[in-house]
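To start, the structure under review is shown below, and the notes come after it.
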Amino acid sequence: MNGFIVVDKPAGMTSHDVVARVRRILKMKKVGHTGTLDPFATGVLPVALGEGTKAIPYLDEGIKEYRAVMMLGVATDTEDLEGSVIRERPLDGITEASIRETLSHFTGILSQIPPMYSALKQNGVPLYKLARKGEVVERQPRRITIYSLLIDSIELPLVAFTVRSSRGTYVRSLARDMGELLGCGAHLTALRRTESGPFRLEQARTLEQLADEAAAGPERVGIVSLNVALAHLPRLELTPEGERRVRNGISPLAGDLVEPLQQFAPEQKVVLLRDGVIVAVAEAQDEKVMIVRGFQ
């Protein structure tokens, strides 16, 4: 099996735990995930199988969508429900109108300070390890993009919202910052990823469903093909001789392409195919394409 499956990650499991479970269910060694979800979070976790693990660096997961619930008036050290309460404030003066007005400021390009409880490293040490020792270090703000933020419901102290954001956005920190601007603090009580690039919640199955599919036969396992996962990349069709060369690790010549090589942006990644089957990912360089990753 080569490609991707979309797992509906349950709460309480790490992304690494899910990969280990998928490896056991499918009896495969080459399994990996494309983007970590916090243990308390649920939803879309793309898992690469076989040759799919080679395609992970070339995926376009630049836009992610989440449904989240934050609790106003309570801040925690982890910025979610799993942390210790560090501050409580009354909700005096907090109204639906003030919430909607405040949250309207959280779209577009923003500067975000990552949470201490994160896998980001400082001097080679993950921040969460420092946080567990009680250390708080200065973190450099990072530029993120919030494409949309829609309020789904307000039932104080809870506010449910759906956010579409750039890769690298911490929704926990987004809730933290919204709570601070409201003047009452906040933390996340629920987070569900519904979209990660080409992978959608409607494609997802639970681990139990995956086990049932696998028991019914490998052909019953719903796989997102490499073709679909890499559909955002330009495609170049190879001749039979071109396929032979590429499968032997040799970058194609102009005559190995069915159609003349067009102009691409410098270092543009492209996929090389033969009869609709992806043979390699390559990089366009001037009037040549150079193989960067081959697939069996």
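Things to note:
- Residue match in segment 248-258 (condition: surrounded by 14 or more Cβ atoms within 10 Å (Cβ to Cβ) and either in contact with a Pro (Cβ under 6 Å, 6 or more places away or on another chain) or charged (D, E, K, R) (or both)): yes
- Total residues in segment 171-189 satisfying the condition of being within 20 Å of the chain's Cα centre (by Cα) and more than 25 Å from residue 12 (Cβ to Cβ): the figure is 0.
- In segment 200-241, residue surrounded by the most Cβ atoms within 10 Å (Cβ to Cβ) [restricted to those that are under 30 Å from residue 266 (Cβ atoms) and in contact with a helix residue (DSSP H, G or I) (Cβ under 8 Å, 6 or more places away or on another chain)]: 229
- For segment 118-139, a residue qualifies if it is β-branched (Val, Ile, Thr) and either within 16 Å of residue 82 (Cα to Cα) or not in a loop (DSSP other than H, G, I, E, B) (or both), and exactly one does: 125.
- Once segment 142-193 is narrowed to residues that are of a type in the set (Asp, Glu) and part of a strand (DSSP E or B), the residue that is farthest from residue 113 (Cα to Cα) is 155.
- Once segment 10-26 is narrowed to residues that are in contact (Cβ under 8 Å) with a residue 24 or more places away in the chain and within 17 Å of residue 221 (Cβ to Cβ), the residue that is surrounded by the most Cβ atoms within 10 Å (Cβ to Cβ) is 22.
- Filter pass, residue 168 being at positive phi and surrounded by 16 or more Cβ atoms within 10 Å (Cβ to Cβ): no
- Residues satisfying the stated conditions in segment 212-235, i.e. more than 25 Å from the chain's Cα centre (by Cα) and assigned to a loop (DSSP other than H, G, I, E, B): 217
Throughout, read-outs are computed from the coordinates displayed, never taken from laboratory work. Just so we're clear, the structure is a prediction, and the values are computed from it rather than from any experiment. Here the Cβ is made from the backbone with ideal geometry for all residues, glycine too, and neighbour counts use every protein chain on show.
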